[in-house]
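Participant: Below you will find the structure I want to go over with you.
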Amino acid sequence: MSALRRVGLISDTHDLLRPEARDYLAGCDAIVHAGDICNLAVLTELRAIAPVTAVRGNNDRGTWAERLPVHEFLRIEDVWIYAIHDLAQIDIDPAAAQVGVVVHGHSHQPSSSLRDGVLFVNPGSAGPRRFELPISCGELLIHGRSVAVRLRTLI
């Protein structure tokens, strides 16, 4: 019997893990960070909350970042999640690969849309404010094959 799983979504922290983001992600079963982490300490803090799947963003540099994949697959319940930082660099057909959710970042703009049966989610930026864009995170609520997404403006 499957259980409801809460997967936290975060991106573009740019070396800043805000307390509001930590509080929002508390209690997650897993966390996906869609890149532009900029400091291993951010991942260390997130790993204290839940297991983390992270991908490298265009601002992730140095030895620690070289170990991060550019894209990653993760299975939660009966749902395949594909994480990548910049959606323009996607190298698969998610629907053909039976991916249920694509998590991405880069634009700092939170968004969620359904395309060809695949949910595309950008949790926005949880790091330093850029222009007038919100500071945000997101979550997936997964039960078996069912997925719901929620995006949350933190500040």
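The values are calculated or read from the model by the stated rules, or taken from the named source; none is laboratory data. It should be emphasised that the depicted structure is a prediction, and the values quoted were computed from it without experimental measurement. Glycine gets a Cβ as well: all are built from the backbone with ideal geometry, and neighbour counts include every protein chain shown.
The rows are residues; the columns are (1) assigned to a loop (DSSP other than H, G, I, E, B); (2) closer than 18 Å to R56 by Cα; (3) not basic (K, R).
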| site | (1), (2), (3) |
| --- | --- |
| V102 | no, yes, yes |
| S107 | yes, yes, yes |
| S136 | no, no, yes |
| V149 | no, no, yes |
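Participant: Answer with yes or no whether A65 is out of contact with any strand residue (DSSP E or B) (no Cβ under 8 Å at 6 or more places or on another chain) and within 18 Å of R5 (Cα to Cα). Write out each step before concluding.
Facilitator: Values: out of contact with any strand residue (DSSP E or B) (no Cβ under 8 Å at 6 or more places or on another chain): yes; within 18 Å of R5 (Cα to Cα): no.
When the stated conditions are applied, A65 does not pass them.
Participant: Which of the numbered conditions does D60 fail, given that it passes all the others? Conditions: (1) closer than 27 Å to S146 by Cα; (2) charged (D, E, K, R); (3) touching a residue at least 12 places away in the same chain (Cβ under 8 Å).
Facilitator: Evaluating D60 over (1) closer than 27 Å to S146 by Cα; (2) charged (D, E, K, R); (3) touching a residue at least 12 places away in the same chain (Cβ under 8 Å) leaves (1) as the failure.
Participant: Of a type in the set (G, A, S), modelled with pLDDT of 95 or more and within 25 Å of A41 (Cβ to Cβ), is that true of A148?
Facilitator: For A148, the condition - of a type in the set (G, A, S), modelled with pLDDT of 95 or more and within 25 Å of A41 (Cβ to Cβ) - is not met.
Participant: Answer yes if at least one residue in the range 66-81 is touching a helix residue (DSSP H, G or I) at 6+ places or on another chain (Cβ under 9 Å), buried (at least 16 other Cβ atoms within 10 Å of the Cβ) and under 13 Å from C137 (Cα atoms), and no otherwise.
Facilitator: No; the residues of the range 66-81 include none that is touching a helix residue (DSSP H, G or I) at 6+ places or on another chain (Cβ under 9 Å), buried (at least 16 other Cβ atoms within 10 Å of the Cβ) and under 13 Å from C137 (Cα atoms).
Participant: Let me ask something else about it. Show the residue pairs that are 6+ apart or on different chains and have beta-carbon atoms under 9 Å apart, the first residue being within the range 13-31 and closer than 20 Å to L140 by Cα, the second being of a type in the set (D, E) and crowded, with 20+ Cβ neighbours inside 10 Å.
Facilitator: Within 9 Å, the pairs are T13/D36; Y24/E139; L25/E139; C28/E139.
Participant: Now, a different point. L119 is checked against (1) buried (at least 21 other Cβ atoms within 10 Å of the Cβ); (2) free of Cβ contacts under 8 Å to residues at least 60 places away in the same chain and fails just one. What number does that condition carry?
Facilitator: Going through the list (1) buried (at least 21 other Cβ atoms within 10 Å of the Cβ); (2) free of Cβ contacts under 8 Å to residues at least 60 places away in the same chain, L119 breaks only (1).
Participant: Let me ask you something else. Can you tell me which residue within the range 129-142, out of those that are at pLDDT 95 or above and closer than 17 Å to R18 by Cβ, is surrounded by the fewest Cβ atoms within 10 Å (Cβ to Cβ)?
Facilitator: Going residue by residue through the range 129-142, those that are at pLDDT 95 or above are 134-142.
Then keep just the ones that are closer than 17 Å to R18 by Cβ; that gives 134-139.
Working: P134: 17, I135: 22, S136: 25, C137: 27, G138: 26, E139: 23.
Going through the qualifying residues, I end up with P134.
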